[in-house]
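Colleague: First the structure, which I've put down as structure tokens, then a few questions once you've had a look.
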Amino acid sequence: MGSTRLIRVALCCAVTIIVQLLCVLPAQCQVPNADQPDSDPEASAPPAETAVREVEPRVFYLLDNKGKPIWVPNFSFEQWQRWFEQDQRLRDPVTPPFVHQRTTVVARVVEDVASVSAELQVRLVATDRQLSNQQKANRWTRIPLGLVEGALQQLPVYAGVGNQFVTRSPVDGQLVAWVKAAADSVHTWKFELKVPVVHKANDSQLRLSVPPAVEFTARLRVPGTRVLGSVEGGASVLRSTREVDGDTEFLFEGRSGLSVAWRSPGEKQSLLPARLDVRARIRVTVEGPDYVTSRADLTVRSFSGDYRSFLVRLPPGMELLSHSEQRGYTIEALPADQSPDQAFQYAQVSLQNKAPEDGLNFWLLAVMQRDREGQEENQEVDAVEVEMAGFDVPQAVRQRGQIDFAVNGDWTLNWRHDRAVRRVTPRVDADGATRLVAQFLYHQFPYQLSMAVREKTRDVRVEPKLELDVQPARLEFVALLDYQVRGARTSELTIDVGAWHVDQVGPEEIVLEHQLADGRLQIQLTPAAIDLDQFSIRLSGYQEMPEESPLEVELPVPLERTVNPTQVTVQTARNLELVPITERIVGLVPLAALAATNPEPRDELLFRQDMSARSMRFAADFQIRERQVAVELATSVGVEAGQLRVQRRANYQVTFGALTEIALQVPAVIFDEPLARFEIWADGEKLPAPVSESVSPGSAETALVEVLLPREVFDRTRILVEYTIPLPSIASDGQVDVAVPLVAPVVGDGGAISLAPSFLQCEDALEVQIPGEDLVVSARSSLEGKREFELPIAVADLPQIKLAIRRAETGRGIPMIVKQTWLQTWITSEHYWNRMSVRVETRQSRIQVRFPEGADLGPVAINQQPVQGAALEPSGLLDVSLEPLSAEHLLEVWYSLPLDSAQGRRRVAAPQIDGVTRFGRSYWQLVTPANQHLTWSSDALSEESHWHWTGWGWRREELRDQQALERWIGASEQDALPVDTNRYLFATVGAVRELDCLTLSRHLLLLLGSGGILAVGLLMVYFKRLRHPALLVFAGAILVGLAGWVPDLALLLGQAAATGLLLVALAQLLHIAVWRRSTPSTTEKPHGDGVGLEGAGLPDVIPVPGTTATATVPGMQLEAKS
């Protein structure tokens, strides 16, 4: 009871707390009314807190054009409304608040001032915005009135209803009216103004700008009669002209503005002064300090006014030499007495017609010559500055141009100019004949540009390199001279060559000719080379070698100033010993010997010129050695398939000389044999095959063959002589005796031949012997399947080696490995057609295959080559010979076996190969007719197939078809298997003995599957006791066990049972239809005193003694008692 009370008290407390929360939360969540203003926080705050307080800004969010809210502080609705209206006004310029209805202008010109009376009528328009805002009469409207050019004479006269005033805009100076009146009201202003008249040449102009109006009329009265008037622009049109009291009055109509020009017909037109613009391109060519030419290409045009003639002032000291001559103008030199300035010569250009609009183009050629009479030829002339500023047009208001300088000859120029001239980088000359040395731009006239011409100093420098080649017979030199020319050009060079004979000087584009006299070589340069700043000359020469030591020779020396010391390289032949004599060497400083840069391994000495000496002399003791050649000879003989391969390697060592050719002693049998192949290689490069004509065919002699080497050999070279000789066929129990000819090198006096180890190689399937010699197995590692022996060769000039060759016994210690096996069995109505492909690795000469009993042999092929005459022995043995020199073979055999039974269990034996040491992977392909199906196979072979759905049922397919298996083993490609066949693939690793399997026909499978299902189904349809669950479970267990034991057979029977299942379903439907038709329907018939039921289906109720069973049917209730 106590616990119950505590629970009740806790529930009451909880209810009380919840009620209080429900009362407090609505009061705290109330939103203040937006219509009522907030209470003043300062009124409620204490007096001490009203001085400083923090007020947060009011926050508003506006959406941008992407829909993103933007935080805007302190933004009121009134500000937004005002900005929105302003934006709408800017976007709606089509409907202005006023319209200029009528503008009338009356003007009269007196002297240079026009008195103008302008009346403008404007009507206010009520726009849609004004109607919406209800501001028809409570808004000031700004109305621009124009009249910028006029000066008001009195206050404007206004007519209309409303408030208005007129001001002048400080921006553009036009009159502006401000009106505050009702919409659709009309307002008129009349102004009295004074407007100045503008005179241009013979024309007078009056301009008055007013805003566009719906109706515009203007009257202008000018003094004089027969005055010609015109309207400028298209704002108004001249309607009529009439004469009034000696004046001319013009009537204009249009839409806005007044711009009128008039002229009296009797007045003559005065010419405006010409304001010329001159552009010049001046080219100054300096031939020397006394002769300078200057050509100016001028373009003259006028900014305003016409011109008929003008003067051109030439540069100081220059005279007009030539000028352009074209129709339309003439050019002549102005006499000195008519020139404005006697210090300059002027050229007058006179135009016959009006000047072209794009300007007048012409050229002037001036020359400056100075006389040097009385001055000696070799006396140096002081450089005098020459002023080059000229070709000035005095009438021009603007002059600018470009001045190019070119020099012909060895002259240098110095300039002095002021700020009006700017020097630029010379561009490529237009004609390309002479290279520009300077280029200036000037932008005004007068300007200062003075030039001083001086003769260039000549500075020729040379950087020589000299190579001296000391041969036993003569000395040769090659000199490379790199010249640099600065200042004045040079056309001749001099080289001191002493006693040397010069045989070549070049190149041709630099050297024009050369001449040797008194030990001096004079070289004349070509005109093109004279203008070059840098060029190179290569010369070579020779002189005879002294017969006895020592050697002293003067080296060539160029007479120009040498920039760097000459580098002298002394090279000696291999058979020449050279020892420099230091005390006799002059002008050369020996340096450390450098490694030779060229591939010839010669001795090389390096010297540097002593700049303090005037000549260079080389001295040395020398000794000439005889050439020595040493040859190391090695021989290799290989017995291969159908041929003998012979290789003789000769390593040549050359000292004290060069080797250009070699001599070989070649047996004549090599040239006589048509199938022999003879090749010579030098350091890996194949040489042309030698041809010998000195030996007659069939001779036992040898031919001396000389072979030219591709390059000189100074150190070492390796010669390889390789040739092949056909080998006669070897019978299985026979022997072949062969004499192997040997090619021997021939060396002359001072040469020696040494022997290196020689070897004989043969296949494992062959036995090779040398009569009278015991072959020793080589200690070197040989290739697999080959044996190598040391070849006993004692002398270098051995002409031949005799060999005895026979086949080794089959299978003697030679392994045989079956790497791949593929069998194909095709079940036909008469026999088993088989194909066997085996890849064998062996060095044996024969292979033996044993076939099952009753086999009938077909074609046989080795390495896809048919074997002729292959047949089975009575014992079923097939003996096929193999190529002993090949390590791998492919055996293909086609054969047939008798058919053991038409269907059911099949056992197909496989052929067996004798002497196999190891087996690789094997495949067996079974091909059956379309109505034969594989239902079971032994576990000796694993099936390589898979099931797949074809649309109508499940079908078994092999993982590799015939083409894939042919590629796998490398067998010959045969025709593909027919499509209407069943193919099964089995695989194993190791030997294949037989194929044990079970095949059934399609009819039998259909009978077993559909017949069995149909029999069991009919029994279950007509005998209800067979539908017992226990029987169904038992039958299901049997089917599951069968599927697990023979899954392939179960799947085939399952597909074959589909027809039986269909018939069972049809039988069930027929049974139900017949049963329903034979069952009587429920009818009521009178029976005795009561009502009886016939055919009523009563529930199966078994009454129990002592109880009452009640069955209810529509309309009645039955009770059964017991």
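The values are calculated or read from the model by the stated rules, or taken from the named source; none is laboratory data. From a predicted model like this one, the values you see are computed outputs, not experimental measurements. Ideal geometry is used to build each Cβ from the backbone, glycine not excepted, and the neighbour counts take in all protein chains shown.
Colleague: Please count how many residues of region 306-328 are crowded, with 19+ Cβ neighbours inside 10 Å and in a strand (DSSP E or B). Before you say what the answer is, go through the steps one by one.
Modeller: From region 306-328, those crowded, with 19+ Cβ neighbours inside 10 Å are 307, 310, 312-315, 318, 323; that's our starting set.
From the residues that got through so far, the ones that are in a strand (DSSP E or B) too are 310, 312-313, 323.
So the count comes out to 4.
Colleague: Keeping to region 551-610, report how many residues are at pLDDT 85 or above, among the β-branched types (Val, Ile, Thr) and outside any strand (DSSP E or B).
Modeller: Qualifying residue count, region 551-610: 4.
Colleague: Right, something else. In region 284-339, which residues are of a type in the set (D, E, K, R), under 30 Å from Leu413 (Cβ atoms) and at pLDDT below 90? Steps first, please.
Modeller: Looking only at region 284-339, we keep the residues that are of a type in the set (D, E, K, R), and these are 287, 290, 295, 297, 301, 306, 308, 313, 319, 325, 327, 332, 337.
From the residues that got through so far, the ones that are under 30 Å from Leu413 (Cβ atoms) too are 287, 290, 295, 297, 313, 319.
Those that are of a type in the set (D, E, K, R), under 30 Å from Leu413 (Cβ atoms) and at pLDDT below 90: Glu287, Asp290.
Colleague: Evaluate region 443-464: report whether one residue or more is more than 22 Å from Arg561 (Cβ to Cβ), among the acidic types (Asp, Glu) and not in a loop (DSSP other than H, G, I, E, B).
Modeller: The answer is no; no qualifying residue exists.
Colleague: Suppose we keep only residues that are under 17 Å from Ser837 (Cβ atoms), in contact (Cβ under 8 Å) with a residue 40 or more places away in the chain and not polar (S, T, N, Q) within region 851-889. Which one would you say is surrounded by the fewest Cβ atoms within 10 Å (Cβ to Cβ)?
Modeller: Glu888
Colleague: Say whether the condition of being assigned to a strand (DSSP E or B), touching a Leu at 6+ places or on another chain (Cβ under 9 Å) and closer than 17 Å to Pro1047 by Cα is met by at least one residue in region 909-927. I'd like the intermediate steps shown before the answer.
Modeller: First, pick out the residues of region 909-927 that are assigned to a strand (DSSP E or B): 909, 912-913, 918-927.
Next, from what is left, pick out any that are touching a Leu at 6+ places or on another chain (Cβ under 9 Å): 909, 913, 922-927.
Among the residues that remain, those that are also closer than 17 Å to Pro1047 by Cα are: none.
Scanning region 909-927 turns up no residue that is assigned to a strand (DSSP E or B), touching a Leu at 6+ places or on another chain (Cβ under 9 Å) and closer than 17 Å to Pro1047 by Cα.
Colleague: Among the residues of region 928-944, count how many are farther than 22 Å from Leu1006 by Cβ and crowded, with 20+ Cβ neighbours inside 10 Å.
Modeller: Pass one, region 928-944, residues farther than 22 Å from Leu1006 by Cβ: 938-944.
Retained after the next criterion (residues that are crowded, with 20+ Cβ neighbours inside 10 Å): 941.
Of the residues in region 928-944, 1 are farther than 22 Å from Leu1006 by Cβ and crowded, with 20+ Cβ neighbours inside 10 Å.
Colleague: Determine whether Val485 is touching a residue at least 60 places away in the same chain (Cβ under 8 Å), in a strand (DSSP E or B) and more than 24 Å from Glu544 (Cβ to Cβ).
Modeller: Working: touching a residue at least 60 places away in the same chain (Cβ under 8 Å): no; in a strand (DSSP E or B): yes; more than 24 Å from Glu544 (Cβ to Cβ): yes.
No: the conditions fail for Val485.
Colleague: Consider region 1056-1092. How many of its residues are of a type in the set (S, T, N, Q) and modelled with pLDDT of 70 or more? Talk me through it step by step, then tell me what you get.
Modeller: Looking only at region 1056-1092, we keep the residues that are of a type in the set (S, T, N, Q), and these are 1059, 1068, 1078-1079, 1081-1083.
Imposing the further condition that a residue be modelled with pLDDT of 70 or more reduces the set to 1059, 1068.
The total comes to 2.
Colleague: Here's something else I'd like to know. Among what's in region 703-723 and is charged (D, E, K, R) and farther than 22 Å from Ile805 by Cβ, pick the residue that is modelled with the highest pLDDT. Give the derivation first.
Modeller: First, pick out the residues of region 703-723 that are charged (D, E, K, R): 706, 711-712, 715-716, 718, 722.
After this cut, where a residue has to be farther than 22 Å from Ile805 by Cβ as well, the list is 706, 711-712, 715-716, 718.
On the way: Glu706: 86, Arg711: 86, Glu712: 84, Asp715: 83, Arg716: 88, Arg718: 91.
Per the criteria, the residue is Arg718.
Colleague: Please find, among Arg398, Arg419, Arg427, the residue that is over 30 Å from Thr330 (Cα atoms) and either surrounded by 14 or more Cβ atoms within 10 Å (Cβ to Cβ) or modelled with pLDDT of 85 or more (or both).
Modeller: Details: Arg398 fails: over 30 Å from Thr330 (Cα atoms); Arg427 fails: either surrounded by 14 or more Cβ atoms within 10 Å (Cβ to Cβ) or modelled with pLDDT of 85 or more (or both).
Testing whether each residue is over 30 Å from Thr330 (Cα atoms) and either surrounded by 14 or more Cβ atoms within 10 Å (Cβ to Cβ) or modelled with pLDDT of 85 or more (or both) leaves just Arg419.
Colleague: For region 724-742: of the residues being outside any strand (DSSP E or B) and of a type outside the set (A, V, I, L, M, F, W, C), which is modelled with the lowest pLDDT?
Modeller: Within region 724-742, the subset outside any strand (DSSP E or B) is 727-734, 742.
Next, from what is left, pick out any that are of a type outside the set (A, V, I, L, M, F, W, C): 728-729, 732-734.
On the way: Pro728: 80, Ser729: 76, Ser732: 60, Asp733: 65, Gly734: 72.
Step by step, filter region 724-742, then rank; the result is Ser732.
Colleague: Can you pull out the residues in region 184-232 that are assigned to a strand (DSSP E or B) and small (Gly, Ala, Ser)? Step through it out loud before you land on a result.
Modeller: Residues of region 184-232 that are assigned to a strand (DSSP E or B), as a first pass: 186-196, 198-200, 203-208, 215-223, 228-231.
Scanning region 184-232 gives Ser204, Ala218, Gly229, Ser230.
Residue-wise test of (1) assigned to a loop (DSSP other than H, G, I, E, B); (2) under 21 Å from Arg960 (Cβ atoms); (3) not assigned by TED's automatic domain parsing to the domain that holds Ala991.
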site: Leu823; (1), (2), (3): no, yes, no
site: Trp833; (1), (2), (3): no, yes, no
site: Ser837; (1), (2), (3): no, yes, no
site: Pro852; (1), (2), (3): yes, no, no
site: Ser875; (1), (2), (3): yes, no, no
site: Leu878; (1), (2), (3): no, no, no
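Colleague: Taking into account only those residues within region 167-184 that are more than 17 Å from Pro97 (Cβ to Cβ) and touching a strand residue (DSSP E or B) at 6+ places or on another chain (Cβ under 7 Å), which is surrounded by the fewest Cβ atoms within 10 Å (Cβ to Cβ)?
Modeller: Ranking the candidates gives Thr167 first.
Colleague: Please go through region 743-766 and pick out each residue that is at pLDDT 80 or above and not in a loop (DSSP other than H, G, I, E, B).
Modeller: So the first thing to find is which residues in region 743-766 are at pLDDT 80 or above, and the list is 743-747, 751-762.
Matches in region 743-766: Ala744, Pro745, Val746, Gly751, Ala752, Ile753, Ser754, Leu755, Phe759, Leu760, Gln761, Cys762.
Colleague: Just checking, does region 824-835 include any residue being over 55 Å from the mean Cα position of the chain (by Cα) and over 30 Å from Thr999 (Cα atoms)?
Modeller: no
Colleague: Could I ask something else about it? Pairs under 6 Å by beta carbon, first residue among the charged types (D, E, K, R) in region 167-195, partner modelled with pLDDT of 90 or more and surrounded by fewer than 18 Cβ atoms within 10 Å (Cβ to Cβ), six or more apart or different chains?
Modeller: Listed pairs, sorted by first residue: Lys190/Glu119; Lys190/Val157; Glu192/Ser117.
Colleague: Sticking with this one: Restricting attention to region 524-544, which residues are modelled with pLDDT of 90 or more and either hydrophobic (A, V, I, L, M, F, W, C) or outside the structural domain of Phe618 (by TED's automatic domain parsing) (or both)?
Modeller: The answer is Leu525, Phe535, Ile537, Leu539.
Residues are listed down the side, and each one gets a yes or a no for (1) over 30 Å from Ser549 (Cα atoms); (2) assigned by TED's automatic domain parsing to the domain that holds Gly401; (3) modelled with pLDDT of 85 or more; (4) not hydrophobic (A, V, I, L, M, F, W, C):
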site	(1), (2), (3), (4)
Leu436	yes, yes, yes, no
Pro464	no, no, yes, yes
Glu476	no, no, yes, yes
Trp500	no, no, yes, no
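Colleague: Quick one: how many residues across region 505-527 are exposed (fewer than 12 other Cβ atoms within 10 Å of the Cβ) and assigned to a strand (DSSP E or B)?
Modeller: Here the count works out to 3.
Colleague: Among (1) part of a strand (DSSP E or B); (2) buried (at least 18 other Cβ atoms within 10 Å of the Cβ), there is one condition Ile814 misses while meeting the rest; what is its number?
Modeller: Only one criterion in (1) part of a strand (DSSP E or B); (2) buried (at least 18 other Cβ atoms within 10 Å of the Cβ) is unmet by Ile814, namely (1).
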